[in-house]
Each structure stands twice: as C-alpha cells, then as structure tokens.
Amino acid sequence: MNLTSKRLLLIAVAFFFAVFQMSAQISLSVKNEEIRSVIQKIEKNGDYRFFYSSDLPGLDKVITMKAENETISEVLDKVFKGTEIKYSVLEG
C-alpha cells in the first residue's frame, strides 16, 4: 500500500464505538504510552468499545495526557491531538 493510499485510508477510517452513556464523565491519566494502549485502557475501565484497523497509522504514537471528569469526546480529542485520526461517537 503506497503513502497516498494510506492517507486516503486514514481519512476514510473512523473510530466507531458504542457509548452507553455519552454524557458520562471519565478520568484518565497516561504517561508515555502508545495511543493503542490508551484505547485499551479506556475500554477496560468503561462502557466503551472501539472498532478500528489495528494497522491504522498513528496508533503507535506515544502520548502523555490527563483528563479529569471529562466526556469521552473531550478525552479522545486529547488522545488524538497531533494525529490525523478521526473518530465518531455512536450511542447504543
């Protein structure tokens, strides 16, 4: 797959997940962890499920961030800051 195809794939791929309570507040603190690992932590500690391609560019980016009683959208905005990863929140 060439670079142009990967970029198009990245633009076309969205993160989809079911949220049982979209207004629920979550707290998360990570230091020097890959985005892939952060996504797994969010899943393990909450009622969130992520559906994505495991070879999506950007998942290996190492981040440090902290969120205190924030919505899932606010947390994901922090997680994906500085990447081209886009997501969608689906309820139900």
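The values are calculated or read from the model by the stated rules, or taken from the named source; none is laboratory data. Keep in mind it's a predicted model, so treat the numbers as computed, not measured. When we count neighbours, we look across all protein chains shown, and the Cβ atoms used for this are built from the backbone with ideal geometry, even at glycine. Please note that ligands, DNA and RNA were not included when accessible areas were found on the heavy atoms of the full protein model with its side chains. Shrake-Rupley method; radii C 1.70, N 1.55, O 1.52, S 1.80 Å.
Counting heavy atoms of the protein chains alone, Thr64 has an accessible area of about 90 Å² for a 1.4 Å probe.
Placing pseudo-labels 7 Å out from each Cα toward the beta carbon at Gln25 and Glu74 gives an inter-label distance of 0.8 nm.
Using the Cβ-Cβ distance between Ser88 and Ser37 with R0 set to 25 Å, the FRET efficiency works out to roughly 0.70.
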